[in-house]
Structure formats: structure tokens, C-alpha cells
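*Asks:* After the C-alpha cells below, expect a handful of questions from me.
The numbers here are math on the coordinates, done by the rules we state, and not lab data. Just so we're clear, the structure is a prediction, and the values are computed from it rather than from any experiment. Every residue, glycine as well, gets a Cβ built from its backbone with ideal geometry; the counts of neighbours run over all protein chains shown.
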Amino acid sequence: GQNIDQPTEMTATEGAIVQINCTYQTSGFNGLFWYQQHAGEAPTFLSYNVLDGLEEKGRFSSFLSRSKGYSYLLLKELQMKDSASYLCAVRDSGGYQKVTFGTGTKLQVIP
Amino acid sequence: DTEVTQTPKHLVMGMTNKKSLKCEQHMGHRAMYWYKQKAKKPPELMFVYSYEKLSINESVPSRFSPECPNSSLLNLHLHALQPEDSALYLCASSQETTAHEQFFGPGTRLTVL
């Protein structure tokens with residue numbers, strides 16, 4: 001099974017940088033996802049890491065260390081519209097490739 | 001067409017009703033998923049279909065019955081639900097179960113009275 005931990009809430013200032021951490025313990029690993037979810041809406045895909053290192057995509061970057069069971073999502077030049085929940089999700093390496101979501105981090109961006 | 005559509009958007013039903021949720025995608029994806037999401041909780045996987053065959057059933061009660069009539073459609077049949085089944089039901093699809101991204105539909109907000 002998967003055990004995924006994220007901070008429950010974070011607050012950051014518009015224009016700043018924020019790092020959202022995710023740690024996981026897993027019996028099998030085949031990739032880590034980050035999703036953004038605004039209140040009342042469906043999750044939207046942000047990033048995918050399966051190898052160690054940093055993946056950059058515009059204002060968003062995601063880092064993975066498989067040996068440490070650790071990932072972070074880095075958001076730069078924060079905008080008010082970035083206020084949302086950020087979900088870390090881990091995929092199993094078993095035959096069914098099941099994806100399990102963490103409880104999510106609710107980010108509030110303040111002026 | 002790069003979206004997953006779900007109908008209805010909202011559904012209110014009694015505990016004795018039978019209803020169905022529908023999901024559709026035209027991206028040629030061969031994996032489709034049903035998730036349940038309660039307020040302030042993450043999505044929880046219910047079912048996975050791969051190439052129109054049920055590959056994962058996460059110990060979901062039999063009052064939820066999935067159906068995949070073809071590669072573009074996914075249904076969730078509901079019968080004799082309980083008030084605690086009230087939640088947002090999300091459908092998602094991906095190229096295959098090993099794909100890097102799942103595309104989510106907007107969800108059906110279900111209320112069971």
C-alpha cells in the first residue's frame with residue numbers, strides 16, 4: 001500500500017515562491033504526480049516524476065528523490081489564482097498501476 | 001476534443017432510487033476511472049477499466065455498479081444508496097493505465113437523501 005504525507009495548509013504572498021512537500025512510503029513505486037484542484041472543481045494535472053531530479057514547467061517545478069521517498073512542488077511568482085489544493089499522488093508498480101492521492105495541501109495566496 | 005465530460009452535473013436521489021452517472025471521452029484513451037471525493041478529502045479510487053475490462057475494484061459496495069459499454073463511455077449505476085454516499089464522483093481517463101497523466105471530468109455532485 002501507499003502512505004502519503006503533505007502539510008494540510010500553507011499561506012504565501014503574491015509574487016513569492018512556495019515549496020509544497022510530499023513524503024511517501026510505498027510497497028512499489030512507478031511515478032509521482034502533482035495535481036491542482038480548485039474548490040468545487042476537478043483536479044488538473046501539473047507534473048509527473050519517475051526519475052530523480054527536477055522537472056520544470058513554466059512557473060511550476062517538481063522534484064523527486066526516490067531513495068528518500070520525497071517530492072516537492074515549487075511554485076514561483078505566485079498569483080492569486082494559484083490559491084487551490086495541491087495533491088500529491090503516487091502510482092503503484094504492480095500490475096494494476098493504481099494511483100493513490102495524498103490528502104492535499106490547501107494553499108492560500110495573500111496580497 | 002481533449003476533455004472528459006460527465007452527466008449529470010448534479011444529482012439528488014432517494015435511498016430507493018436507481019440512477020446512473022455517465023462519463024465520455026473521445027481522446028482514444030483506453031483506461032477509464034471512477035473516483036469518489038468527499039469534502040476536503042482527496043479523490044479515492046473506486047474502479048479502473050482498461051481496454052473495456054474491469055481491472056480494479058477497490059472493495060466498493062455492490063450498490064455501485066460500473067459499466068463500460070465501449071472505449072469512449074463509462075457508466076456508474078447507483079441503487080439503494082446511503083446518505084454517506086453523498087460526494088463528488090469524478091471520472092478520469094488516460095492513454096493507458098501506465099500513462100503520465102489522467103484527465104479528469106468536472107464531476108457529478110451526488111446528494112442522497
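*Asks:* State, as an integer percentage, the relative contact order of the stretch B:11-109 based on alpha-carbon contacts under 8 Å between residues 6 or more apart.
*Replies:* Relative contact order here is 35 percent.
*Asks:* Contact order normalised by length for chain A, with contacts defined as Cα pairs under 8 Å and 6 or more residues apart; what percent is it?
*Replies:* Once divided by the residue count of chain A, the mean separation gives 37 percent.
*Asks:* Next question. Tell me, how many Å apart are the Cα centres for the stretch A:1-67 and for the stretch B:3-73?
*Replies:* 25
*Asks:* Moving to a separate point now. At a Förster radius of 30 Å, what calculated FRET efficiency corresponds to the Cβ-Cβ distance of residue B:40 and residue B:70, to the nearest 0.05?
*Replies:* 0.30
*Asks:* Once you place label points 7 Å from the Cα toward the Cβ at residue B:30 and residue A:30, how far apart are they in nm?
*Replies:* 1.4
*Asks:* With only Lys, Arg, Asp and Glu charged, each at its Cβ (+1 for the first two, -1 for the last two), find how big the charge dipole of the protein assembly as shown is about the Cα centre; round to the nearest 20 debye.
*Replies:* Roughly 440 debye for the protein assembly as shown.
*Asks:* To the nearest 20 debye, what charge dipole does chain A have about its Cα centre, counting +1 at the Cβ of each Lys and Arg and -1 at the Cβ of each Asp and Glu?
*Replies:* 180
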